[in-house]
Amino acid sequence: MISDVSTRATKGESYDAYLTTARIVHEIAAATHATPGQIALAWLLNKGDSIVPIPGTKRRKFLEENVAAANLQLNPDQKKTLDDALAPGKISGKRYTDKSQSARPRANLLPSPHYR
């Protein structure tokens, strides 16, 4: 199951759009006997040489799944469906709630010119 309906109120205005997109990715994954992560990687790898996905993982199993995505062939209809579902601007909204954003550590990687 992708979601729990009771969480909808806490996810913000983009929740339904994210859920729809997740369902599309899951449907293509089921049709191709792949994982949703493999579909995402295969879709990105089909975007051209200028896009290099860098997935992270802690487990060998998932590393092997990620590598196998390079051999996954998406048909033109699947590519178009993913392009439409994942188009820039299709899903918007905050990445974090105000509460979770305030709990995130803030790091200043560059020194402020005011402290020189």
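I'd like to verify a number: residues in region 54-67 that are surrounded by fewer than 14 Cβ atoms within 10 Å (Cβ to Cβ) and part of a loop (DSSP other than H, G, I, E, B), how many?
Here is the first cut: in region 54-67, the residues surrounded by fewer than 14 Cβ atoms within 10 Å (Cβ to Cβ) are 54, 56-61, 63-64, 67.
When the remaining residues are screened for being part of a loop (DSSP other than H, G, I, E, B), the result is 54, 56-59.
Residues meeting the conditions: 5.
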Scan of region 68-78 for residues that are open to solvent by less than 90 Å² (accessible area, probe 1.4 Å) and free of Cβ contacts under 8 Å to residues at least 40 places away in the same chain, ordered by number: 68, 69, 70, 75
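Looking at residue 40, is it crowded, with 17+ Cβ neighbours inside 10 Å and not in a loop (DSSP other than H, G, I, E, B)? I'd like the intermediate steps shown before the answer.
Numbers: crowded, with 17+ Cβ neighbours inside 10 Å: yes; not in a loop (DSSP other than H, G, I, E, B): yes.
It is true that residue 40 is crowded, with 17+ Cβ neighbours inside 10 Å and not in a loop (DSSP other than H, G, I, E, B).
The values are calculated or read from the model by the stated rules, or taken from the named source; none is laboratory data. Please read these numbers as outputs of a predicted model, since none were measured by experiment. Ideal geometry is used to build each Cβ from the backbone, glycine not excepted, and the neighbour counts take in all protein chains shown. SASA here: full protein model, heavy atoms, side chains in, ligands and nucleic acids out. Shrake-Rupley method; radii C 1.70, N 1.55, O 1.52, S 1.80 Å.
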